[in-house]
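Trainee: Here it is, the structure, as structure tokens.
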Amino acid sequence: MTVTLNAYNVVATRCAAEYLEMYETVEKGNLVYKVEVFLNSSIFRSWKDSIIVLQTTRSLLPWSEEVKVVSHCLDSIASKASIDTSKVEWSYTYNLKKLPSDNGNEHWNGVGKQQVVPKDWWVEDLCGLQLDLYKRVINIIKTKGKLSGDVIGEALKAYSTRRLSGFSKGMIQGGDVIKNRSLVETVIHLLPAGSVPCSFLLKLLKAAISLECGEMEKSELISKIGQQLDEATVSDLLIQAPTEEALMYEVDIVQNLIEEFVTLDRSAQTDPSMEAEFQEIRSPRFLSDTSKVKVAKLVDGYLTEVSRDPNLPASKFVRLAEMVSNFSRPTHDGLYRAIDMYLKEHPGISKSERKRICKLMDCRKLSTDACMHAVQNERLPLRVVVQVLFFEQIRASASGGNSTPDLQGSIRALLPGGSHGSSRSTTTNTEEDWDAVPTAEEIKALKGELATLRLGDANRGVGNDRNANHGATNNSEKVAASKMKGLLMSKKIFSKLWSSKERNGEITSSNTSESPGSTSTNAEETKSTRSRSRRHSVS
């Protein structure tokens with residue numbers, strides 16, 4: 001009788017022949033021999049047939065393992081996936097939307113012969129394999145060492161997306177929890193040593209948290225993500241906390257990620273050989289200043305988002321911000337936005353907490369627009385408002401060639417460094433000035449002060465455009481006079497403001513109302529007088 005063998009029945013035929021002991025010792029050209037010839041000459045040479053045959057072996061275990069059909073299929077698939085793309089001539093499945101039209105040329109499964117074969121051409125075809133077989137294929141591919149880590153990472157990403165519903169959105173939906181957990185843990189163990197997209201790793205971390213995977217798997221992910229945290233986005237880091245938790249987001253997990261990045265940076269600074277090692281794994285920019293600035297900005301943006309959580313403790317906010325305080329960045333505008341958001345959403349914080357949060361920001365690194373906003377911000381303590389205006393005056397004076405404004409002692413005491421090197425003792429309040437919030441009248445006066453500075457800059461710019469020496473000289477004199485008037489105004493305003501508060505023992509406080517008129521006044525008798533020249537850090 002004639003028997004037609006194909007990819008769907010050849011494994012069953014081979015196992016039956018083995019069971020019936022149809023060997024060559026019984027008769028030449030027996031069935032075992034004929035099936036082996038067919039497998040080697042046809043099945044194992046075909047990309048798609050090898051995958052089909054491998055899938056059929058699951059229902060015939062352990063016979064399919066004993067006759068080595070499984071191992072031969074795995075090796076055939078891994079060898080073809082590892083081949084040079086210029087030698088790929090067989091048909092394969094690929095997302096055709098990634099490829100331009102081929103203008104009617106002859107196609108291989110919809111892909112033109114002249115089209116360059118992508119490095120990850122094989123990843124979609126293997127997504128149909130069950131987890132145990134897929135794991136074995138990927139391990140063999142990694143053992144051969146012919147494919148880069150990013151290609152293997154792309155394969156794992158495609159498999160996870162296909163097998164886990166909702167994975168692409170960072171939220172696992174439905175399915176067997178035990179099977180899903182096993183899949184995520186397996187994918188984590190299969191991750192290559194090289195660079196894998198950070199967004200994919202963070203989706204894996206979200207899946208591992210929601211599926212309650214083992215701590216070892218989570219730690220491995222945190223270590224890998226920390227090495228390339230500069231590639232992450234704020235939305236990537238917004239990991240939802242379980243509903244039974246008090247906080248909205250997994251802030252502690254993000255803290256661990258930042259700690260990993262900071263630790264690697266310190267290790268590379270103390271041991272140059274480690275930097276070379278990490279550069280082999282990742283790109284040379286890993287420990288660059290650019291990467292550090294990106295992480296600092298990332299943390300600023302993250303803090304702005306999580307500050308909306310009314311249950312976020314001030315200690316966690318400060319801890320996250322302090323972890324990147326040593327990463328120099330050109331502006332503190334992002335940090336200011338985060339601080340402003342936290343003060344807005346947490347009106348009931350204590351004096352000491354407000355002080356710690358505001359000292360994270362360096363007023364000298366705020367842009368002009370941020371300074372204008374800060375001066376009008378009724379949520380900021382009086383000391384911060386004075387510092388912002390003072391440094392804006394210094395910036396305006398420097399651009400006009402003037403010296404640093406000489407403010408009175410009571411005002412200098414509000415600035416970083418107290419009396420700025422003066423040996424004179426100054427009378428100040430230690431905590432009240434941090435908790436004080438400017439009133440509506442004070443805010444209006446500060447707005448006028450900044451407007452005066454801006455007007456002076458504009459007048460100076462007009463003067464620079466004139467060619468006449470006499471006109472330029474007159475304009476410079478006007479600018480200087482305008483700035484001097486502004487400085488005198490500020491001295492009078494803040495001297496009167498502060499001495500009035502010292503005399504009456506009053507301090508202004510505000511709920512985080514948007515209306516400056518909603519301020520209230522509380523009397524306190526806790527003034528302290530002492531000599532000090534210590535420096536208040538605001539960085």
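The values are calculated or read from the model by the stated rules, or taken from the named source; none is laboratory data. Nothing here was measured: the structure is a model prediction, and the numbers come from that model. Note that each Cβ is placed from the backbone with ideal geometry, even for glycine, and that neighbours are counted across all protein chains shown. Note: accessible area is taken over every heavy atom of the protein model, side chains too, but ligands, DNA and RNA are not part of it. Shrake-Rupley method; radii C 1.70, N 1.55, O 1.52, S 1.80 Å.
Trainee: If we only count helices (runs of 4 or more DSSP H) wholly inside the range 174-228, which ones have 1 or more residues that are under 14 Å from the mean Cα position of the chain (by Cα), crowded, with 20+ Cβ neighbours inside 10 Å and of a type outside the set (S, T, N, Q)?
Mentor: Counting at least 1 such residues, we get 198-210, 215-227.
Trainee: While we're here: Is it true that some residue in the range 337-346 is more than 15 Å from the chain's Cα centre (by Cα) and within 20 Å of Thr263 (Cβ to Cβ)?
Mentor: no
Trainee: Here is a further query. Scan the range 116-124 and tell me whether some residue there is exposed (fewer than 15 other Cβ atoms within 10 Å of the Cβ) and either polar (S, T, N, Q) or part of a helix (DSSP H, G or I) (or both).
Mentor: no
Trainee: Tell me, which residue of the range 311-322 that is within 18 Å of the chain's Cα centre (by Cα) and open to solvent by 20 Å² or more (accessible area, probe 1.4 Å) is nearest to Glu345 (Cα to Cα)?
Mentor: Lys316
Trainee: Go through the range 159-171 and give me each residue that's in a loop (DSSP other than H, G, I, E, B) and surrounded by 21 or more Cβ atoms within 10 Å (Cβ to Cβ).
Mentor: If the condition is that a residue be in a loop (DSSP other than H, G, I, E, B) and surrounded by 21 or more Cβ atoms within 10 Å (Cβ to Cβ), then Leu164 is the only one that fits.
Trainee: Considering only the range 306-316, state which residues are touching a helix residue (DSSP H, G or I) at 6+ places or on another chain (Cβ under 8 Å) and either in a loop (DSSP other than H, G, I, E, B) or among the aliphatic types (A, V, I, L, M) (or both).
Mentor: Val306, Ser307, Arg308, Asp309, Pro310, Leu312, Ala314
Trainee: Right, next: As an exercise: evaluate Leu303 against (1) modelled with pLDDT under 95; (2) in a helix (DSSP H, G or I); (3) closer than 24 Å to Tyr336 by Cβ and give the number of the one condition it does not meet.
Mentor: (1)
Trainee: What are the pairs with Cβ atoms under 6 angstrom where one residue, in the range 164-175, is within 14 Å of Leu205 (Cα to Cα) and the other, located anywhere, is hydroxyl-bearing (Ser, Thr, Tyr)? Sequence gap at least six, or different chains.
Mentor: Every condition considered, the pairs that remain are Phe167/Ser160; Phe167/Thr161; Ser168/Thr161; Ile172/Ser210.
Trainee: Does Leu61 count as in contact with a helix residue (DSSP H, G or I) (Cβ under 9 Å, 6 or more places away or on another chain), open to solvent by less than 80 Å² (accessible area, probe 1.4 Å), at negative phi and at pLDDT 90 or above?
Mentor: no
Trainee: Can you report the number of residues in the range 323-351 which are among the polar types (S, T, N, Q) and open to solvent by less than 70 Å² (accessible area, probe 1.4 Å)?
Mentor: 3
Trainee: What do you reckon, is Arg308 modelled with pLDDT of 90 or more, open to solvent by 10 Å² or more (accessible area, probe 1.4 Å), out of contact with any strand residue (DSSP E or B) (no Cβ under 7 Å at 6 or more places or on another chain) and not polar (S, T, N, Q)? So that I can check it myself, show each step before the final result.
Mentor: Details: modelled with pLDDT of 90 or more: yes; open to solvent by 10 Å² or more (accessible area, probe 1.4 Å): yes; out of contact with any strand residue (DSSP E or B) (no Cβ under 7 Å at 6 or more places or on another chain): yes; not polar (S, T, N, Q): yes.
Yes.
Trainee: Next question. If I filter the range 229-240 down to residues being among the hydrophobic types (A, V, I, L, M, F, W, C) and in a helix (DSSP H, G or I), which single residue comes out as nearest to Val254 (Cα to Cα)?
Mentor: Ranking the candidates gives Leu237 first.
Trainee: For the range 18-57, how many residues meet the condition of being in a helix (DSSP H, G or I), over 29 Å from Lys135 (Cβ atoms) and in contact (Cβ under 8 Å) with a residue 12 or more places away in the chain?
Mentor: 2
Trainee: May I pose another question? Under 45 Å from the mean Cα position of the chain (by Cα), of a type outside the set (A, V, I, L, M), at negative phi and surrounded by fewer than 19 Cβ atoms within 10 Å (Cβ to Cβ): does that describe Ser71?
Mentor: yes
Trainee: Do the conditions hold for Lys113, that is, is it open to solvent by 20 Å² or more (accessible area, probe 1.4 Å), modelled with pLDDT of 90 or more and either of a type in the set (Lys, Arg) or farther than 21 Å from Ser86 by Cβ (or both)? Spell out the reasoning first.
Mentor: On the way: open to solvent by 20 Å² or more (accessible area, probe 1.4 Å): yes; modelled with pLDDT of 90 or more: no; either of a type in the set (Lys, Arg) or farther than 21 Å from Ser86 by Cβ (or both): yes.
Taking the combined requirement at face value, the residue does not satisfy it.
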